[in-house]
Amino acid sequence: MIGLLSMVSLSLIFMVLYTRYRAASLALVVMGNVPLALVGSVAALWIAGLDLSIAAMVGFITLTGITARNGILKISHVLNLVLREGLPFDRGTIRRACLERMTPVLMTAVSAGIALVPLMIDGDQPGKEILHPVAVTIFGGLFTATLLDAIVTPTLVERFGAAAVARLREERAAVGTAAEAY
C-alpha cells in the first residue's frame, strides 16, 4: 500500500511540475534529485542499523518534498535568467543560476540537519521510537542530495533543458508580440 501511495505521490509531483514548467524534461530534471536523496537515506538507515519502517517511509516522503524544492529553486532561476533577463541558455548561465541558489539550498539542509540531530541521538529513548528513523532518513538524504545536486542538476539542465527553454522562449516572444498588437 505504501509503495502504491508513493507512486501516486511521485505522479502528482510530476504533474504539478509539468504544469509549472510545461515541459516533461524540466519536470524530470527536478525529480532527478529524488533518487540522490534516497541513496543517502538508505545508507543512513543501514549505518544506523535501522530497518525500513513506516516511520522511515514518512521520512522518504518528507525528503522528496525538500529535494524537489531544491531543484525547483535552481530550474526556476535558470528560466528567470534566460526568459526574463535575456541571458543565453548556456553553461555560464546555468552555473550562475545554480550558484545563486546554493545559499537557500544549503540553508535548508543545514538548518534541517541541525534540527534533526537531537532526534538522531539516543534513538531508543522513550518518545523517540518513531521520530528517530524519520530523522535518520531525512538527515542522510539531505546530505547526499545536497552534495550530489550541486553537480547533477546543472548537468541535467544543460543536457536536457535546451529544447524546453527554447520552446518557452518562443512562447514568451509570441505572447509579447500578441500583446503589442493590442
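The values are calculated or read from the model by the stated rules, or taken from the named source; none is laboratory data. Note that the coordinates shown come from a computational prediction; the quantities given were computed from them, not determined experimentally. Cβ atoms come from the backbone with ideal geometry, glycine included; neighbour counts cover every protein chain shown.
I need a count of the residues in the range 101-123 that are surrounded by 15 or more Cβ atoms within 10 Å (Cβ to Cβ), within 11 Å of Lys74 (Cβ to Cβ) and either over 15 Å from the mean Cα position of the chain (by Cα) or free of Cβ contacts under 8 Å to residues at least 40 places away in the same chain (or both).
Looking only at that region, the number is 1.
If I go through the range 74-88 residue by residue, how many of them are surrounded by fewer than 21 Cβ atoms within 10 Å (Cβ to Cβ) and not acidic (Asp, Glu)?
Total satisfying the criteria: 9.
Counting residues that are of a type in the set (Ser, Thr, Tyr), which helices (runs of 4 or more DSSP H) fully inside the range 1-78 reach at least 3? Break it down into steps so the answer makes sense when it comes.
On the way: elements: 2-21, 24-31, 33-48.
So the answer is 2-21.
Is there a residue in the range 137-156 that is exposed (fewer than 13 other Cβ atoms within 10 Å of the Cβ) and without any contact (Cβ under 8 Å) to a residue 24 or more places away in the chain?
The answer is yes, given that some residue of the range 137-156 is exposed (fewer than 13 other Cβ atoms within 10 Å of the Cβ) and without any contact (Cβ under 8 Å) to a residue 24 or more places away in the chain.
When you go through Gly32, Gly3, Gly92 one by one, which is the residue that is within 23 Å of Arg167 (Cβ to Cβ) and at pLDDT below 90?
Being within 23 Å of Arg167 (Cβ to Cβ) and at pLDDT below 90 holds for just one of Gly32, Gly3, Gly92, which is Gly32.
Report whether or not Val175 is without any contact (Cβ under 8 Å) to a residue 12 or more places away in the chain, over 26 Å from Ala44 (Cα atoms) and of a type in the set (Val, Ile, Thr).
yes
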